[in-house]
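Step one of this worksheet: look at the structure below.
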Amino acid sequence: MGWIGPKEENIPPHPRQEPRFYGDLTAERIRYIFQDCADFRERQVLIGGDPDKRAAAFTIDGQVRGERLYDYVLRPLATSDLLRTATPEAAFRMMTEGMVYASVTVCDTLDQAVFALVDGSVVFDFPGKGKMVAYSVPTEEKRSVSDPENEPSLKGAQDAFVESLRTNTSLVRRRLRAPELKIAEVTAGRQTVTPIDILYIDGLTNPDLVTEVKTRLEGIDTDELLQTACLEELIVDEVKTAFPLIAYTQRPDRFCAGLVEGRVGVIVDGIPLGYLMPGTVGQFFKTGQDRAQNWVAASCLSVLRYLCMLGSLFLPGVYVAAVNFHPEMIPAKLAWSISEAKIDVPFSTVFEVLILLLAFEVVQEAGLRLPGPIGQTVSILGGLVVGTAAVEAKIVSPVVLIVVAVAGIAGYTVPSQEFSSALRLWRLILTVAASLGGLFAVVGGAAVLVCRLARLESFGTPYLTPFAASGRERAQGHGVIRWPLPWVKFRESALHPRNKRRQG
């Protein structure tokens, strides 16, 4: 039978060790912790050039910036006349009170010294002091701010979040200059020790929402926090769903707009995205251009996106149901055309639709995983050559190819890729249901989908907001129609903001 692992109830919990390192704060303990690290560096520094005032300087190569280390820290400490003539106690005090032009921290524990090294500081050990001095001189090697690739901006800002946490918070601060913007920080990941910033506007955002977000982030107990799913799936209300419960964006302007609405933002170091909580259906259908163009055009495009969503979700299933169970729904000339096209096709209608839907997913996945030029070539070959060849070979009928192509293209109008992926999954489910029970099964499947979405919540907010909200709230401009901005006087009431009025 093979080896069977221990039962789940017998596995002990993985403890979150605090403090992480035990022992006295000494140079020997620092050397022991980093003994097998090839990038660990140590050198002796003569404070003020005095041989009686020696200090061991520890650094991690690649984490510190060499020019700043030598110009701002080592050179002033080695050449200062004040340090040469001062007593060891006075020299230690001057080093922690502004002698060096760098951010200084006095480390009292071993954890503080170790994490200061990892974060890009040079740590000095003075024998007999029981404390260490850390000067922050981190390297600033990072990707420069570039255009948002996944959310192109036709009329607006052209910058996007990067992997650096402080660069991202700086992009937010440049847009939201209000001192009420608060940034709290927590750490998650036992091995990655990843900093996470929580952003909200004090006096505007619901404090219960802020507390809930902080509680869930602080409760993350995992080894690593490197990918988006490591965060999203550990803090959402429900994981047994294909629909996303947290909205994310590459664009700082959309992120700031969410904060002004009363949402809580989360930025993770190493992930070039900004998360907005709670995530609702209405939020996944908004784009950065909705408030950058005329309200009439924006409203028409918003309605078009919802109609395309319905078409992408139901069109294949309705076609299968109409052909197999309800032919009286189809006009006579169209029915005759469909029957003529299927004369030489050996497969049933549902088989044709399912094969093309799966082929569509395969072509899309291949185009995403390959490099850009090759991926575009594969998509063109798969969409045109293979589709045309399948029709000419009488494997599928032209009408089925058109239905699946229209449904696939309509799905791309949904701004959120994750929401679109969930729709594609349910499109397949509704198509199978249509093959079993016709339109009655399609309606039943749609009812199951609506009931499922109605049960979902995101941080205490109904997932179907604004459709689950009152008519008055939708009239304020938070529904499908984007009303003129002077008419939208209040914020979305489903978020329960402390300050409900957004303009006079």
Keeping the other protein chains in place, figure out the carbon and sulfur percent of the accessible area of the chain, with a 1.4 Å probe. 59
For the residue pair ARG455 and ASP237, what label-to-label distance in nm results when each label sits 7 Å from Cα along the Cα-to-beta-carbon direction? 1.3
Around GLY279, which amide H atoms from residues at least 5 apart in sequence, or from another chain, sit under 5 Å from its own amide H, with H modelled in the peptide plane? ALA247
To the nearest 20 Debye, how big is the dipole of region 221-311 about its Cα centre, given +1 on the beta carbon of each Lys and Arg and -1 on that of each Asp and Glu? 660
Please list 436-448, 196-208 highest first by mean number of surrounding beta-carbon atoms within 10 Å per residue. 196-208, 436-448
Volume per residue (Å³) of the convex hull spanned by the alpha carbons of the chain is 224
Dipole in debye (nearest 20) - region 59-121, about Cα centre, beta carbon charges: Lys, Arg +1; Asp, Glu -1: 200
Below 8 Å between Cα atoms, with a sequence gap of 6+, how large is the relative contact order for the chain in percent? 13
Under 5 Å between amide H atoms, partner at least 5 residues away or on a different chain: which partners does ILE395 have, H built in plane at 1.01 Å? none
Which order do the peptides 209-221, 246-258 take when ranked by the mean count of other beta-carbon atoms within 10 Å per residue, highest first? 246-258, 209-221
Can you figure out the FRET efficiency of LYS142 with ALA389, using R₀ = 41 Å and their beta-carbon distance, to the nearest 0.05? 0.30
Report the charge-dipole magnitude of region 118-164 in Debye, nearest 20, computed about the Cα centre from +1 at each Lys and Arg Cβ and -1 at each Asp and Glu Cβ. 340
Chain lengthening between TRP336 and LEU485 when straightened (0.36 nm per residue, less Cα-Cα): 48.6 nm
Under 5 Å from the placed amide H of VAL137, counting only residues 5+ away or on other chains, we find SER121, VAL122
Given contacts defined as C-alpha pairs under 8 Å and at least six residues apart, what's the relative contact order of region 121-187, whole-number percent? 19
In degrees rounded to 10, the 0-90 angle between helix 398-411 Cα long axis and the longest Cα principal axis of the chain is 30
Would you mind calculating the gained length between ARG65 and VAL448 on full extension (0.36 nm times residue separation, minus the Cα-Cα distance), in nm to one decimal? 132.1 nm
Integer Hz, Karplus 6.51/-1.76/1.60 couplings in order for region 342-348, x for Gly and Pro: 9, 4, 9, 8, x, 9, 6
Region 265-340: percent of C-alpha pairs farther apart than 21 Å? 57
In Å², and per residue, what accessible area does region 211-282 have when probed at 1.4 Å with the other protein chains present? 34
Give, as a single signed number, the net charge of other residues whose beta carbon lies under 14 Å from the beta carbon of GLY130, with Lys and Arg counted +1 and Asp and Glu -1. -2
Accessible surface, per residue, of region 297-336 when the full set of protein chains is kept, probe 1.4 Å, Å²: 52
Which whole-Hz ³J(HN,Hα) couplings does region 164-175 yield from phi under the Karplus relation 6.51 cos²θ - 1.76 cosθ + 1.60, θ = phi - 60°, glycine and proline marked x? 7, 5, 5, 5, 5, 5, 5, 4, 6, 4, 5, 9
When ranked by the protection proxy of mean other Cβ atoms within 10 Å per residue, highest first, what sequence do the peptides 167-180, 113-126, 64-77 form? 113-126, 64-77, 167-180
In degrees, nearest 10, the alpha-carbon axis of helix 295-324 is tilted away from the dominant principal axis of the alpha carbons of the chain by 60
Return a whole-number percent for the relative contact order of region 256-399, with Cα pairs under 8 Å and 6 or more residues apart as the contact set. 15
Which ³J(HN,Hα) values in Hz, rounded to whole numbers, follow from the phi angles of region 232-247 under the Karplus curve 6.51 cos²θ - 1.76 cosθ + 1.60, where θ = phi - 60° and Gly and Pro get x? 4, 6, 9, 10, 6, 6, 9, 9, 8, 8, 8, 7, x, 10, 10, 8
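The values are calculated or read from the model by the stated rules, or taken from the named source; none is laboratory data. Note that the structure is a prediction, hence the values are computed from the model and not measured. Methodologically, a virtual Cβ is constructed for each residue, glycine included, from the backbone with ideal geometry; neighbour enumeration extends over all protein chains shown. We work out accessible area using only protein heavy atoms, side chains counted, and drop any ligands, DNA or RNA first. Shrake-Rupley method; radii C 1.70, N 1.55, O 1.52, S 1.80 Å.
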